[in-house]
1. How many nm is it between the label spots at Glu224 and Ser143, if each spot is 7 Å from the Cα in line with the beta carbon?
2. For Thr175 and Ala67 in the same chain, what is the full-extension length gain: residue separation times 0.36 nm, less their Cα-Cα distance, in nm?
3. Enumerate by residue number the trypsin sites (Lys or Arg not before Pro) in segment 1-99 meeting two conditions: DSSP loop (anything except H, G, I, E, B), and at most 11 other Cβ atoms within 10 Å of the site's Cβ.
4. At 222 nm, what helix-only mean residue ellipticity would the chain give, in deg cm²/dmol to the nearest 500, using -39500 (n - 2.57) for each DSSP H run of four or more?
5. Beta carbons within 10 angstrom, averaged per residue: use that to sort the peptides 217-228, 104-115, 245-256, 269-280, highest first.
6. Would you count, across the chain, every pair of lysines whose alpha carbons are under 30 angstrom apart, provided the pair is eight or more residues apart or spans two chains?
7. With an 8 Å cut-off on Cα pairs and a minimum separation of 6 or more residues, tell me the relative contact order of the chain in percent.
8. Apply 1/(1 + (r/R0)^6) to the Cβ-Cβ distance of Thr53 and Asp285, taking R0 = 30 Å, and write down the FRET efficiency to the nearest 0.05.
Amino acid sequence: MTSTQTKTLTVFAPAKINLYLHVTGRLDNGYHTLDSMVAFADIGDEIRIEPATLDFAFNVQGPYANAFNPKEIDASPNSSNLVVQAAWAVARAAQKIPDVKITLTKNLPLASGLGGGSADAAAVIWGLCEWWGLSRQSAFLPSLMATLGADVPACLNCEPSRLRGIGDIIDPVPTMPEIPIVLLHPGKSCPTAQVFSRYSGEFREPGKLPETLDTLEEITAFLESKHNDLYGPACGVVPDIENALRAMGAQAGCRFANMSGAGATCFGLFETEKHAGDAAKILGDENPDWWARAGMMNRPERY
């Protein structure tokens, strides 16, 4: 797609779910190293790219648009929004004039443990490569993504993966089927830095992955042997996470429930799409201040 002057390109930015998350160490710079398996869902944000009237323009819409501060909706290279940073970075690296307007439809809660900012930045990179006819194997992309955040490469790949290091080491995992999933957020942001500052647990050694993860039964059996080491610290920041996880696990058809990332979103893996849909409705109806969505894990579509 190299000629797009009169077209609009819409790119999906799927939620990233940490199926487990073990803390394996702490670096001298204060960052922690992790061992985590991630997957993606057909629940997420949306990036729309279209020609700009003059210079680069940025707009935010959607149910969480009002959650952004002025620096996060700034369209200049000094913006603190990863979407804007990604757009300027790709334009500079590819020596392109950023004469586009990017609209972010923010459907995922902020600071929710779903990698939303990284997924949005990755969707911008994916979209601008399409828009300008660039290869997604361009030599400049790895270093560019490293400046945006450790999660961005995994979000660009948009495939189930095992992440190690600070999230920058990406390993393949056994093929998994599509699984009905529910995401549940208790309505309060859970800043990652606050969660890690509370972590005082022991460091784990990375374990082995199973040879196959072909069924929901195999996946849940494996995940039941794993943990999210940030669960306790996250509950210290947002106590309602414990209530959300308990409510998820109590739903009919829920085979496994845990917290994603550093919180505050909990996820549940369900036997059927009907179970997942019913659970999301019940959880949303019973907790009007919470955010509940049903979808399919391992079924993300870029556009």
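1. Result: 4.9 nm between the two label points.
2. Numbers: separation 108, 0.36 × 108 = 38.88 nm, distance 3.64 nm.
Taking Thr175 through Ala67 to full extension adds about 35.2 nm, to one decimal.
3. Lys7
4. Numbers: 9 runs with 90 residues, N = 303.
So the calculated ellipticity at 222 nm is -8500 deg cm²/dmol.
5. On the way: 217-228: 16.1, 104-115: 23.9, 245-256: 17.8, 269-280: 19.5.
So the order, starting with the most tightly packed, is 104-115, 269-280, 245-256, 217-228.
6. So the count of such lysine pairs works out to 28.
7. Working: 689 pairs, mean separation 73.7, N = 303.
The value is 24 percent.
8. On the way: r = 43 Å, r/R0 = 1.45.
That pair, Thr53 with Asp285, gives E of 0.10.
The numbers here are math on the coordinates, done by the rules we state, and not lab data. The shown structure was predicted, so the numbers you read here are calculated from the model rather than taken from an experiment. Methodologically, a virtual Cβ is constructed for each residue, glycine included, from the backbone with ideal geometry; neighbour enumeration extends over all protein chains shown.
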